[in-house]
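The values are calculated or read from the model by the stated rules, or taken from the named source; none is laboratory data. Note that this is a predicted model, so its numbers are computed, not measured. Here the Cβ positions follow ideal geometry from the backbone for every residue, glycine too, while neighbour counts run over all protein chains shown. Heads up: the accessible areas ignore ligands, DNA and RNA and are worked out on the full protein's heavy atoms, side chains in. Shrake-Rupley method; radii C 1.70, N 1.55, O 1.52, S 1.80 Å.
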Amino acid sequence: MQEKSLLLKAKKGNNKAFVELLQNEKLKLYKMAYIYMKNENDALDVVQETIARAYSNIHTVKEERYFATWLMRILINTAIEMLRKNQKIVPILEQQSEQIQVSSYDERLDLLQAIEQLEEKYKTVILLKYYRDLSTKDIADLLDCPEGTVKTNVHRGIQQLKKYFNKEGENYGEQY
């Protein structure tokens, strides 16, 4: 009930209500941004841009119960947009990153690193389903796509993760 009144106040231009709405979501936003961006500064930039966009478009939230989902959707789109922009930038320390890749190849990769290797559509649904614990329906609403597409992308993402770990010498999913 309180969130509903806060959202109504925020839609009417009450800055304090908007800030209170964000208080419940700020840690979740930062964690998801960090997963996408892989460093604190870029994650904070994504969160800041997300908040600015949310503030400008708060009037577009249709239902109060979807505020968190609406906010997360803005964050994901912002993170993907920033990643695409950053791909055009050539890293200065290419030699260092090559050394890191070689040394980490010898070591066992953890799940988050493996998820980072997935295509964007698989990575997004895997993170939302298993990291944010969203249902298939919520993910479909968030990404504005059919539930069947979400299920397919989750399944394909898991299959790619299994192949990735098998390629790295792991035997996940095999019966002895």
Query raised in the report: For the range 2-85, what does the alpha-carbon gyration tensor say about shape, rounded, prolate or oblate, given a ≥ b ≥ c as the root eigenvalues, a/c under 1.5 as rounded, and a/b over b/c as prolate?
Result: prolate
Report summary line: Here, ARG73 and HIS59, labelled 7 Å along Cα→Cβ, have an inter-label distance in nm of 1.8
Report summary line: Expected vector for the range 78-87, Karplus 3J(HN,Hα) from phi with 6.51, -1.76, 1.60 and θ = phi - 60°, integer Hz, x for Gly and Pro, equals 5, 4, 5, 4, 5, 5, 5, 5, 5, 5
Report summary line: Cβ-Cβ cut-off under 10 Å around ILE74, Lys and Arg +1, Asp and Glu -1: the net charge is +1
Report task. Give LYS28/LYS137; LYS12/LYS129; LYS38/LYS121; LYS28/LYS121; LYS85/LYS123; LYS31/LYS62 a once-over and call out the pairs whose C-alpha atoms are over 27 Å from each other. Result -> LYS12/LYS129
Query raised in the report: Carbon and sulfur: what percent of the range 13-65's accessible surface (1.4 Å probe)?
Result: 49
